[in-house]
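Heads up: the structure comes next, in structure tokens.
The values are calculated or read from the model by the stated rules, or taken from the named source; none is laboratory data. Predicted model, so just to flag it, every value in this text is computed and none were measured. No Cβ is skipped: glycine too gets one built from the backbone with ideal geometry, and neighbour counts run over all protein chains shown. Surface accessibility is based on the protein's heavy atoms, side chains included, excluding ligands, DNA and RNA. Shrake-Rupley method; radii C 1.70, N 1.55, O 1.52, S 1.80 Å.
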Amino acid sequence: MCGIAGIMFKNGGGTEPAGRALIDMLDGCQHRGPDSTGFALYGDVLEDGLRLRFFVGEGEEADAAVARIGSALAKHGARIVEDERVGSNYRVRASFDGDIRKLAYDVEHAAKVISIGSSLEIVKDVGGAHEVDDHYGVSGFHGTHGLGHVRLATESAVKPEAAHPFWATGFADVAIVHNGQITNYWKMRRRLEQRDYAFTTDNDSELIAVYLADKLSQGIALKDALAASIDDLDGTFSFLVSTRDEIGYAKDRLAVKPMIMYETDDLVAVASEEVSLNRLFPGQALNTREPPPGTCATWSRSI
């Protein structure tokens, strides 16, 4: 059992309090996953560079990791423009116009990559939404859209790198939060590995992210990729995916994993439980709905 949340401000210019909204939503469903919390946040787009985020630890361990990261980036012609350490994370803004996939696979050997994108930054750690906010300042983030996840550890250790969201390793700006289990995980993973894709975890959520990003790289629309996933992925699942400009969901045909949504002309919000949506509009009666089994949908921000 985990909790997922997503929000998109359809008509915004990136100044909306997306971080604060996701904290409120996850606080409403924290009981579904007390072990760790994470956020995929989408801000201003860097047209000529990337945002990269790493787990580096602290002290001398972090110093060594930062040095390795700098060498790996330089090897691929990425020039660090800004950087900072936040908690156990190292954030980098770099100018780069090369092969993101090669860069991502190589820099993973320097330090554990959390996310790479022109707009995306993933923040995740053990603890609840407010604890993660206290360490990383998520509530101060303003942007167009984002995803959130609270995790109950059932198949792997309680540690930051096992937390969600997961980014699509080797691709920019694709992230996913997932409640469920993909039972044909190894079959799907081997198919992608045969095409030289790499995975950095054994988490089925990373698989979904890479699967969708691969289809996007072939020019397939996100909604069509989500529709295909319902047929291609076995198991019980409800998941949310985000890209630089879109957010979407997919549910399997059994619909065991809950999902509820609320939509207006200005925003769409989706979560595992209605209480998360109520946190956005306290005291108001919301016209919410549950997506039918075996369905998917996408929404785009104004560009």
Item to check | Options 99, 27; residue that is touching a His at 6+ places or on another chain (Cβ under 9 Å), free of Cβ contacts under 8 Å to residues at least 40 places away in the same chain and not small (Gly, Ala, Ser) | outcome: 99
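For (1) among the aliphatic types (A, V, I, L, M); (2) surrounded by 23 or more Cβ atoms within 10 Å (Cβ to Cβ); (3) at pLDDT 95 or above; (4) not in a strand (DSSP E or B), each residue gets a yes or a no:
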site	(1), (2), (3), (4)
66	yes, no, yes, yes
81	yes, no, yes, no
90	no, no, yes, no
97	no, no, no, yes
114	yes, yes, yes, no
147	yes, yes, yes, no
Item to check | Among (1) open to solvent by less than 60 Å² (accessible area, probe 1.4 Å); (2) out of contact with any Cys (no Cβ under 9 Å at 6 or more places or on another chain); (3) assigned to a strand (DSSP E or B), the one test that residue 4 misses | outcome: (2)
Checklist outcome for this item: Considering residues that are open to solvent by 50 Å² or more (accessible area, probe 1.4 Å) and either of a type outside the set (Ser, Thr, Tyr) or more than 14 Å from residue 248 (Cα to Cα) (or both), the number found within region 276-303 is 13
Item to check | Top-ranked residue in region 161-173 [being under 20 Å from residue 235 (Cβ atoms) and among the aliphatic types (A, V, I, L, M); ranked as farthest from the chain's Cα centre (by Cα)] | outcome: 162
Item to check | residue 225 being open to solvent by less than 40 Å² (accessible area, probe 1.4 Å), under 24 Å from residue 302 (Cβ atoms), in the same structural domain as residue 291 (by TED's automatic domain parsing) and in contact (Cβ under 8 Å) with a residue 12 or more places away in the chain | outcome: yes
Checklist entry - Which of the following residues is within 18 Å of the chain's Cα centre (by Cα), farther than 27 Å from residue 43 by Cβ and not small (Gly, Ala, Ser): 208, 182, 247? => result 182
Next on the checklist: Residues to consider are 71, 88, 95; find the one that is of a type in the set (Ser, Thr, Tyr), within 27 Å of residue 301 (Cβ to Cβ) and not assigned by TED's automatic domain parsing to the domain that holds residue 214.
Outcome noted: 95
Checklist outcome for this item: When restricted to 240, 216, the only residue hydrophobic (A, V, I, L, M, F, W, C) and out of contact with any strand residue (DSSP E or B) (no Cβ under 9 Å at 6 or more places or on another chain) is 216
Next on the checklist: For residue 187, only one of the following conditions fails: (1) open to solvent by less than 40 Å² (accessible area, probe 1.4 Å); (2) out of contact with any Asp or Glu (no Cβ under 7 Å at 6 or more places or on another chain); (3) basic (Lys, Arg). What is its number?
Outcome noted: (1)
